[in-house]
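What follows draws every value from the coordinates through simple rules; no lab data is involved. A quick note: this is a predicted structure, and the numbers were derived from the prediction, not measured. No Cβ is skipped: glycine too gets one built from the backbone with ideal geometry, and neighbour counts run over all protein chains shown.
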Amino acid sequence: MNARTRIGLLASLAMAGAAPAVAQTSDAAATPAKPEAPAPAPPGAAASYSPELVAKGDALFHGSGNCYACHGSKGEGLVGPNLTDAEWIHSKGSYDEIVAQINHGVPKEESKSGIVMPPKGGATLSDDDVKAIAAYVYSLSHK
């Protein structure tokens, strides 16, 4: 993540209040939530969606992807929206739409909260990394 993205993320967290940042440092938040069982493969993605892909996405979500910084360690939302429920703000929540959303990000003009999500969350992610994160996010909301 470049310095400009980090500054923007820190500014967003500061605007949202100190509570989300403090919540991330609690012992409960230190252990990432693991999906109980992988969700069924999304239509048309059976070959690319597996428990191993979900596990890789989980590791990226909670690691170098930095997704947890805005969406919370359990994906339930902080400054970014909740990813565990059936309510999707920018799509219908299909696997392919989640892949596209991660790649595209959420520009300020499209953001309901005014907080942007840079393409790929501002992280250096390969196309395979994005697909893995999308599989993990899909598994959170399609149990």
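If R0 is taken as 25 Å, the Cβ-Cβ distance between HIS104 and ASP128 corresponds to a FRET efficiency of 0.90. The peptide list 62-74, 109-121, 127-139, put in order of mean Cβ contacts within 10 Å with the highest first, becomes 127-139, 62-74, 109-121. Calculated on the alpha-carbon coordinates, the convex hull of the range 60-143 measures out at 78 cubic angstrom per residue.
The alpha-carbon of LYS56 sits under 27 angstrom from the alpha-carbons of these lysines, leaving out residues fewer than 8 places away in its chain: LYS34, LYS74, LYS92, LYS120, LYS131, LYS143.
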